Amino acid sequence: MKTEAATITIFDIEQIRAQFPVLHQQVNKHQLVYLDNAATTQKPQVVLDALNDYYTGFNSNIHRGVHTLAERATTAFEATRKAAQRFVNAAEPEEIIFTKGCTDGINLVASSFGRSHIKAGDEIIITTMEHHSNIVPWQMLCQERGASLQVVPVTDAGEMIMEEFEKLLSEKTRLVSVVHASNALGTINPVKEIIEKAHAVGAVVLLDGAQAASHLEVDVQALDADFYVMSGHKVYGPTGTGILYGKRRLLEAMPPYQGGGEMIKEVTFEETTYNDIPFKFEAGTPNISDIVAFRYALEWVEKVGKANIAAHEQALLQRANELLQEVPGLRLVGTAREKVSVASFILEGVHPFDVGMMLDARGIAIRTGHHCTQPLMKRLNIEGTARASFAVYNSLEEVNLLAEGLQYIAKRMR
């Protein structure tokens, strides 16, 4: 498919697209237009090659083996930890815990930090725009510990109301857990300000970086974040991978999340002494192959450049906002001043599911539904939305095709 690369000169979009094999296929007799990147991103060839190289070159268990393959696998595995440290600018690799993704990371903090630091009467603050994975673990913890969950409201535009957040902060606040960028609306939260205000009352802050890490520069030291979680598959890496960043002093004070191999120093039938961080939180044989390949995704993003990616995606989002507002009956949902490249919308008289199916018939993949943010949908008085989300490999021509498809649906269905 010929793209409008000339209108975005930040990098060669055709050269970028050539690195993603899955994009070059027909779906329903149309060239695939993949705009479901907030759900998961496609993988560049270097990531696919890394997976193949692991299984054909040095498949072995890590850390405990002394033979050559085990040492190669261990070296490759730990290289990803260093890449992740660099990606979020952690102070040291030991502050990077490998997880299955953001959900796993949040549950780890809720189970370990939460059970050891949250008590009856304490309060945990989240926002209305959280993904279910940043709601349910805290509900479970609050029910178990006798704590309460406080929720910051949002405006009709989908922005967190900071004045209400400040009102909720008190000496009872033990933890604030906030999404860095909303998966449903694209809203970018003022996380540095949130952290400063939370720290002022002695609260610990976790940032859910699921949607931010592939679009925005992440510097956990500059933010002074206590915990930061991200998922590999949202950043062009394999599914089932992710990291939890945590400050050393917090991680060292937290009890293990799971028991098993690797997380111990010595085991007797009377007692167990636990390993140092990060291994204390990585019980059992990890997802070695995917974590090895995860490194190549992070390095690929670094090579292209976050600033370049963000500029390209913002150009796509701007074009989408302009064209979608010309579609009869279409209303954009989520009009925050600061957004990542997510366009959520409703087409009057047409269910989002039908919009998704009719676009799919034209080879265009978007997401429909509540996007695992049912409380947010309830706040906005809607059942769900259709959501187009853009990534580094998307082109202006693909945005045009989306708009053409929606124009067609609006004429046929309204």
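Points worth noting:
- Positive-end residue, segment 236-385 charge dipole about Cα centroid, Cβ charges, pick of Gly305, Thr241, Phe281: Gly305
- Nearest-10 value in Å² for the accessible area of Asp53, using the 1.4 Å probe: 80
- Among Gly202, Leu185, Phe294 the positive-end extreme of the charge dipole of segment 176-324 (Cβ point charges): Leu185
- Distance histogram in 10 Å bins (all Cα pairs of segment 231-295, percent per bin): 20, 42, 30, 7, 1
- Of every Cα-Cα pair in the chain, the percent that sits beyond 28 Å: 50
- One chain, two ends: Val27 and Glu144. Fully extended at 0.36 nm per residue, the span grows by 37.4 nm beyond their Cα-Cα distance.
- Prolate/oblate/rounded call for segment 255-414, Cα gyration tensor, a/c under 1.5 rounded: prolate
- Summary of the geometry: segment 322-395 and segment 35-105, compared by the centres of their Cα atoms, lie 33 Å apart.
- Calculated [θ] (222 nm, deg cm²/dmol) that DSSP helices of n ≥ 4 give over the chain, each run adding -39,500 (n - 2.57): -11000 deg cm²/dmol
- Protein accessible area in the chain, 1.4 Å probe - carbon and sulfur %: 50
- A Cα-only calculation for segment 116-252 places Rg and Dmax at 14.4, 41 Å.
- Cα gyration tensor shape for segment 132-195, rounded if a/c is under 1.5, else prolate or oblate: oblate
- Rounded if a/c under 1.5, otherwise prolate or oblate - segment 190-290, Cα gyration tensor axes: oblate
- Just so you know, the Cα atoms of segment 63-124 work out to an Rg and Dmax of 16.1, 54 Å.
- Rounded to the nearest 20 debye, the dipole magnitude of segment 258-414 is 860 debye, with +1 charges on Lys and Arg beta carbons, -1 on Asp and Glu beta carbons, and the Cα centre as origin.
- A dipole drawn for the chain from +1 and -1 charges on Cβ atoms has a positive end, and of Ile13, Gly349, Gln318 the residue lying farthest that way is Gly349.
- Volume per residue of the convex hull around the Cα atoms, evaluated for segment 57-99, comes out as 79 Å³.
- With 0.36 nm allotted per residue and the present C-alpha distance subtracted, the Thr272-Phe353 stretch has 23.9 nm of extension available.
The values are calculated or read from the model by the stated rules, or taken from the named source; none is laboratory data. Just so you know, these numbers come straight off a predicted model, no measurement behind them. When we count neighbours, we look across all protein chains shown, and the Cβ atoms used for this are built from the backbone with ideal geometry, even at glycine. Surface accessibility is based on the protein's heavy atoms, side chains included, excluding ligands, DNA and RNA. Shrake-Rupley method; radii C 1.70, N 1.55, O 1.52, S 1.80 Å.
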